[in-house]
Structures are given as structure tokens and as C-alpha cells.
Amino acid sequence: MHNFDSIKSLFEQRFGSTPTYEIRACGRINIIGEHTDYNMGYVLPAAIDKFIFFAGALNGLDHCRVYAADIDEYDTIPLTGIFQKSSRLWINYLTGILDQYRQQGVNLGGLDVVFGGNLPLGSGMSSSAALETGFATLVKTAFEFEITKPDIARLAQRSSHQFVGVPCGIMDQFASLMGREKQLVLLDCRSLEYEYIPCDLGQYEIVLINSKVSHDLSESAYEARVEECAEGVKILQQFYPAIQSLRDASKEQVLKHADDLGPTVFKRCLYVTSENERLLKVCEALREGQAEDVGPLLFETHAGLRDLYEVSCKEVDFLVDFAEQHPAVIGSRIMGGGFGGCSINLVDRSQSEAFIAAVKKAYQQAFDKEAEAYQVDIVDGTDLVKSIIYS
Ligand code: GLA
């Protein structure tokens, strides 16, 4: 666990100078709208106070020197020749960003970088997007490249696709960068139009429970879901030529063509079309100040992710089932790409501590594993915090 001070002093120890740039990159939550982003639907995420802090400076060399403090690993990225993939996933996320900037015509130079924070890796809070957006902000600042935050999000997504090899949607990078204090980002992933909705949950607060089951998005299951949805679009297009993505399809159309879609693709399409509908209901409830109406929709999403989209796992199912039985909780579901990570829960503030203690105890008994709980705050997204200009 690191904070800005420890990252800065590690930078000084390792490179013998003070860093020029300090960047704070955010993890994200998502209230609802899971696996809808690459289907051009809506998502409702926010940036949270789980951070990766970056300290950086130009080094005048022909390579970057990078220290990942949380995992105590050091590596270099040569800037001469074509960028090469590494067997270390984290370095690929950084190299991919450099590769994208080079493609944009940025004349790159060597950077010294130390990063680390309090954002748990592989827990569904998108540490990879924080890594990308934080490093992309460092590079654009160091090389004085003009680029807007939505364009950094797109650049980071392209990097994930082209260099890292993860066919992710835009949600994580967009939320990490564009998050705003106490607001949710309602993002239309087709047009990239967005608006902020106040995260007014009344007597309830957001509690994440980390199952500590680590997922890996490069694994083939995420890719398989992306492909199954594309297959669904191809089939539905034969009947409705206007359908370009599952965003354009309705639940009724999917139900009508169950046989044409076949059992697996049918389930995936039914989930996605239902999830878009649920998201719009959640936005309506929040706008009307009816936080209690949000809860049941989260349980519905979980059931969809478990039974139709099949991206849950027994540990997170347990956490959600337990939450459903607990009087303090009005809604709970698996969050993020799936196959592990965190559940997101809406919990009555006055009983959060009791819920957290109870769920941790039950989880320990069931799986002999220690769950972690986070009462997260919604904050402004990834940004440069400090830049020392030498004259
Ligand atoms: C991961 C991906 C996102 C999104 C979610 C599921 O976090 O990076 O683009 O698809 O899974 O909603």
C-alpha cells in the first residue's frame, strides 16, 4: 500500500532526484451496465478513491526505467526500434501507451517512473485502466502533447486492443479519467456522449467486498463473450438490417428469435438487452431520489451475469447471496468483467459495519479466504497533480 509520499521517496532513492510530474490515477466502480460497453450500450461508472500514484521525470536516455512499487518489480522499455511485448502484463500496459503516442507522431524520450498505490490489482476496480490513464497522462504532460481526456480514453482502449490484446470496451478508461466528485458518469458508449448524475443514495452507501479471487481479462472468456455478442448481431441483422450492435436490438426481438440465435448466443443477447433497460430504470430512480428502487435492479443484474452471461463465480455468488439475506443490504452484484473480483453493495449506512463483519466471517468459514471491504468515495478522475517547471 503506497501513498504519494512513499512513491516520491522511492523515486528519489532509485533515481537520485526529485520527480518532475506527479499524477493520481483512479480506479472505478460501476453501478450498473456491465458488459454493455462493447455492445455500444450505456454504463454508469464513477472514479473512486482507490489510486495508483505516479512519479515521473525525463531521463535523457533512449529508454524508460519503470519501478512498480506495489509488486517490487523493475523493468525498462527501450524506445529504439519497434515496441516489443513482455511476459509481464503490467509493462505491456505502459508500452502500449507509448506505442499509441508514437503513432500519433509524438517524439518520445526516456522517462523515469515509479508507481504504486492502494488500488488492489485484478479485483474488478480496473487497476489496468488506472495504469493506462495515469501513464498516458504522464506521457502527454512530459512531451507537451495536446489531447483531451475522452481522446486519452480512446487511445488507452486502442492500446489495450492492439498491444495488450484485450478486446475491452471504453468504460474503464473513460470513467477513470472523466469521473467527477460525488457524480456518476452516464456514458453512451456508441456516441461517447455523457452526462453526470449526482450519486445521491440517501441513507445507503456503496460498499465493495473483494472476494480475492483474481481474474485476468486477457483470459479467453471475456473475448468469447465479445465474439458471442457479435455473432448475435450477425444473426439478428438477417431479420432487422438496421441492427449494428446489441444496443439497437430489443429484448422482444431477442425473445422472438431464440431459435435462430441458439441457446448460448440467445442467453448473451437476452442479458445485454435486459441490462440496458435496467440501467435506464436505475438512472430514473436516482434522478427521482428513489435510491431504494435501485437495489432490486442490482440483484437482477447479478442473476443475469450469473445465469445468462455466465461470468460470475461461486465465491462472488456466495457474497451476493449473503448480502441478499442481510437486512442492511438493498442491492448487490458482481462488478466489472467478472470471474472474481468485487461485489458492489448498497448498504444502509447505519449498519455497514455490522454487515461487513458478518460477510467477512461467513466468507472465511465458507472458503477459508479473507474478504476485504472498501467503503469507497467518488472523486475527480485521473489527473496531473503537480508539475515542477524548471527554468
Ligand atoms: C472490463 C472491461 C470493460 C467492461 C467490463 C464489463 O472491466 O475492461 O470494458 O466491458 O469489463 O462491464
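The values are calculated or read from the model by the stated rules, or taken from the named source; none is laboratory data. Here the structure is a predicted model, which means the values were calculated and not measured. Positions of Cβ are generated from backbone atoms using ideal geometry, with glycine treated the same way; all protein chains shown enter the neighbour counts. Areas reflect the complete protein model, heavy atoms only, side chains present, ligands, DNA and RNA absent. Shrake-Rupley method; radii C 1.70, N 1.55, O 1.52, S 1.80 Å.
Odds and ends about this structure:
- With the largest listed first and rounded to whole Å, the semi-axes of the equivalent ellipsoid of segment 204-375 from the Cα gyration tensor are 32, 20, 11.
- Nitroxide proxy distance, nm - points 7 Å out along Cα→Cβ at Gln244 and Gln290: 3.3
- What a 1.4 Å probe finds exposed on segment 204-375 is 48% carbon and sulfur by accessible area, rounded to a whole percent.
- The lysines whose alpha-carbon is closer than 22 Å to the alpha-carbon of Lys140, local same-chain residues fewer than 8 away aside, are Lys8, Lys85, Lys149, Lys386.
- Where the alpha-carbon atoms of the chain are placed on the principal axes, they occupy 64, 53, 39 Å, in descending order.
- GNM on the chain, alpha-carbon springs under 10 angstrom: the most fluctuating residue among Val43, Val320, Val376 is Val376.
- Folded to 0 to 90 degrees: helix 294-303 orientation relative to the chain principal axis, Cα: 90
- A simple packing score, the average count of other Cβ atoms within 10 Å per residue, orders the peptides 190-196, 305-311, 353-359, 108-114 as 108-114, 305-311, 353-359, 190-196, with the highest score first.
- Here the Karplus relation 6.51 cos²θ - 1.76 cosθ + 1.60, evaluated at θ = phi - 60°, turns the backbone of segment 4-19 into coupling constants of 4, 5, 5, 5, 5, 6, 5, 4, 5, 4, 6, 10, x, 8, 7, x Hz, with x for every Gly and Pro.
- In segment 204-375, lysine pairs with alpha-carbon atoms under 25 angstrom apart (chain gap of 8 or more, or interchain): 18
- Accessible area per residue for the chain, computed on protein heavy atoms with a 1.4 Å probe, is 41 Å².
- A simple rule links phi to the HN-Hα coupling: the Karplus curve 6.51 cos²θ - 1.76 cosθ + 1.60 with θ = phi - 60°, which for segment 233-241 gives 4, 4, 6, 5, 4, 5, 9, 10, x Hz, with x for Gly and Pro.
- Percent RCO, i.e. relative contact order, over the chain, from Cα pairs under 8 Å lying at least 6 residues apart: 23
- Nearest 10 degrees, 0 to 90: helix 263-287 Cα axis against the chain principal axis: 80
- Förster radius 22 Å - calculated FRET efficiency between Asn3 and Glu205, Cβ distance, rounded to 0.05: 0.40
- Linear extension gain, Val385 paired with Glu73, 0.36 nm per residue minus alpha-carbon span: 109.9 nm
- Rounded to the nearest 10 degrees, the inclination of helix 149-159 to the longest alpha-carbon principal axis of the chain is 90 degrees.
- Long-range amide H partners of Ile147 with built H, under 5 Å: none
- Prolate/oblate/rounded call for segment 265-323, Cα gyration tensor, a/c under 1.5 rounded: oblate
- Each stretch of four or more DSSP H residues adds -39500 (n - 2.57); spread over every residue of the chain, this sum gives -12500 deg cm²/dmol at 222 nm.
- Scanning residues 5 or more positions from Leu184 or on other chains, those with amide H under 5 Å from its amide H are Ile197, Cys199, with H placed 1.01 Å from N in the peptide plane.
- Ala303 paired with Ala258, simple spin-label distance in nm, labels 7 Å along Cα-to-beta-carbon: 1.6
- Among 334-346, 88-100, sorting by the average number of other beta carbon atoms lying within 10 angstrom of each residue, highest first, gives 334-346, 88-100.
- Mean separation of Cα contacts under 8 Å (6+ apart) over length of segment 204-375, as relative contact order %: 33
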